[in-house]
Amino acid sequence: MSGLTGRTALVTGASRGIGQAIATRLAAQGAMVVVHFGTDKEGAAATVDEIEGAGGTAFAVGAELGMPDDVETLFAGVEAGLAGRPLDILVNNAAAAPAGPLGATTRAEFDHLFAVNVRAPYFIIQRALPLLPDGGRIITISSVATRMANPTQTSFAMTKGAVETMSMTLANQLGIRGITVNAVAPGATRTATNGSSFEAPGLAEFVAGTTALNRLGGPDDVADVVAFLASDAARWITGQVIDASGGLFLGPRA
């Protein structure tokens, strides 16, 4: 029997990349997975097809985060698909990409970043709490941008710092119910979506050279960490930020 058999999971932004890898990994462990997508309906359908093709169970729900009534739209689909079952695992993965350096970021871009990366996961958790049983799991994807000074990602790093603080405080609040709340912070992770950004001559080699484990990460590297936190084996871990970067920018390498 797989470790998550009989449980349900919602993964936001699961139509591609890290979210898709998380959804398929949780399904492989036996969970029924709600595959959320914003605009990529075909990608979400492909995620569901991959899960079902491997013998798992999943369904897709569309809701564009950062828009009015986004959480209500999301949970109308979630609750219809769950049909009265609880939601055991919530993974807040969906996020807007960095908007640029301080001098280039517009107010609209800044507001959009916070709407998708901070407001949405906060109110998704609020809405999910009545569905989460005691012993449930809440996992939010952060970023190593919170511990690095990257001028091109200031506003993005601010949003991820916010969800790390949210995770710590909610862990303290919800621990009485046995609900664990953690964040996972990926580093340089090559996906099908961002792969072209690593094609600049020497870039992939440079980033690998600043990573303790000497390579770029992949979606499965992050998904395995999330699956562990969702499992019973992680029952005594809460309020933490788990670095899943392979040791990006830890310091000079001898």
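Any residue at all in region 184-203 that's at pLDDT 95 or above and among the β-branched types (Val, Ile, Thr)?
Scanning region 184-203 turns up at least one residue that is at pLDDT 95 or above and among the β-branched types (Val, Ile, Thr).
Being surrounded by 21 or more Cβ atoms within 10 Å (Cβ to Cβ), within 27 Å of Arg235 (Cβ to Cβ) and among the polar types (S, T, N, Q) is the filter here, so list the residues in region 147-168 that pass it.
Passing the criteria: only Ser167.
When only residues in region 213-254 that are in a loop (DSSP other than H, G, I, E, B) and of a type in the set (D, E, K, R) count, which is nearest to the chain's Cα centre (by Cα)?
If we filter region 213-254 for residues that are in a loop (DSSP other than H, G, I, E, B), which is where we start, we get 213-216, 218, 231, 235-240, 245-247, 249-254.
If we keep only those that are of a type in the set (D, E, K, R) as well, we get 215, 235, 253.
Working: Arg215: 21, Arg235: 19, Arg253: 30 Å.
Ranking the candidates gives Arg235 first.
Which numbered condition in (1) part of a helix (DSSP H, G or I); (2) touching a residue at least 24 places away in the same chain (Cβ under 8 Å); (3) over 27 Å from Pro86 (Cα atoms) is the only one that Val163 fails?
In the conditions (1) part of a helix (DSSP H, G or I); (2) touching a residue at least 24 places away in the same chain (Cβ under 8 Å); (3) over 27 Å from Pro86 (Cα atoms), Val163 misses (3) alone.
Could you check, for region 134-142, whether at least one of its residues is of a type in the set (Asp, Glu), exposed (fewer than 14 other Cβ atoms within 10 Å of the Cβ), at negative phi and free of Cβ contacts under 8 Å to residues at least 12 places away in the same chain? Steps first, answer last, please.
Going through region 134-142, the residues of a type in the set (Asp, Glu) turn out to be 134.
Checking the rest, the ones that are also exposed (fewer than 14 other Cβ atoms within 10 Å of the Cβ) come to 134.
In the following step, the residues that additionally are at negative phi were identified as 134.
In the following step, the residues that additionally are free of Cβ contacts under 8 Å to residues at least 12 places away in the same chain were identified as none.
Scanning region 134-142, I find no residue that is of a type in the set (Asp, Glu), exposed (fewer than 14 other Cβ atoms within 10 Å of the Cβ), at negative phi and free of Cβ contacts under 8 Å to residues at least 12 places away in the same chain, so the answer is no.
Please work out if Thr210 is over 21 Å from Ala99 (Cβ atoms) and more than 19 Å from the chain's Cα centre (by Cα).
The answer is yes for Thr210.
The values are calculated or read from the model by the stated rules, or taken from the named source; none is laboratory data. Predicted, not measured: the structure shown is a model, and the values here were computed from it. Every residue, glycine among them, receives a Cβ derived from its backbone with ideal geometry; neighbour counts consider all protein chains shown.
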